[in-house]
Every structure is written in structure tokens, then in C-alpha cells.
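A.B. asks: Structure provided below as C-alpha cells; questions to follow.
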Amino acid sequence: MPRSEIPFHPGATQDYEEAYVWYFGHSIDLAAEFEREIDRGLRLIADNPLRWPKFDAERRRLVLRKFPYSIVYEIIKEKNRGAGHRSWQAPALLLA
């Protein structure tokens, strides 16, 4: 699922943009690595949303490997794809 199709929580978007600007201010390469790590996390979640541990009653969390952030997301059932199909939405980027 391309990042442009993922509905992000407004706070997550702000967290991402602020972190990206901070890393960019220190190094263009570091900012690019941060962006790659976020994309890697989103791909991992998309591949298997149930893999990551529960954060609370409704959400799960993937902790990034290389940066002090987590991606918190919620799994929802899609009505148009049948009762057994699950997808995820509303990721939130949080300080770990």
C-alpha cells in the first residue's frame, strides 16, 4: 500500500514532518535514512498487520530499529472485502 493511500492521524503527520526536518537539518543522508525506515515499517505492517504487539486495546505498535520512534496503528475490518479480511489504518508516529 503506497504511503499516499494510508490515512495518517494529523498528529502523526506533524511528528513525521518535524522529525524529518530535524534530521534533514543535521544531514540529508540521515533524513533519507529516516524516510526509508518509516517506509520499511509501513511495508512490514502492510504485509502482516497482526505481527506487531498490542499497544493498547485497539492499536498495535511497531518500534523502528534505527530511530527513536514507533508506528502505532489500528486494524479495521473492511466491509467491502468480507468478514475475514483485515486491513490497517490511522498510523500514529510516537516517540519511543
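A.B. asks: Fewest first, what order do I71, I6, I28 take by the number of other Cβ atoms within 10 Å?
C.D. replies: On the way: I71 25, I6 16, I28 10.
Ranked by crowding around the Cβ, least crowded first: I28, I6, I71.
A.B. asks: Moving on. Order these peptides, 50-57, 30-37, by their mean beta-carbon neighbour count within 10 angstrom, highest first. If you can, show how the numbers build up before the last one.
C.D. replies: On the way: 50-57: 11.2, 30-37: 15.5.
Taking the mean over residues of other Cβ atoms within 10 Å, the ranking is 30-37, 50-57.
Values in this text are rule-based calculations from the coordinates and carry no lab data. For clarity, every value in this text was computed on a predicted model and none was experimentally measured. Virtual Cβ from ideal backbone geometry, glycine too; neighbours counted across all protein chains shown.
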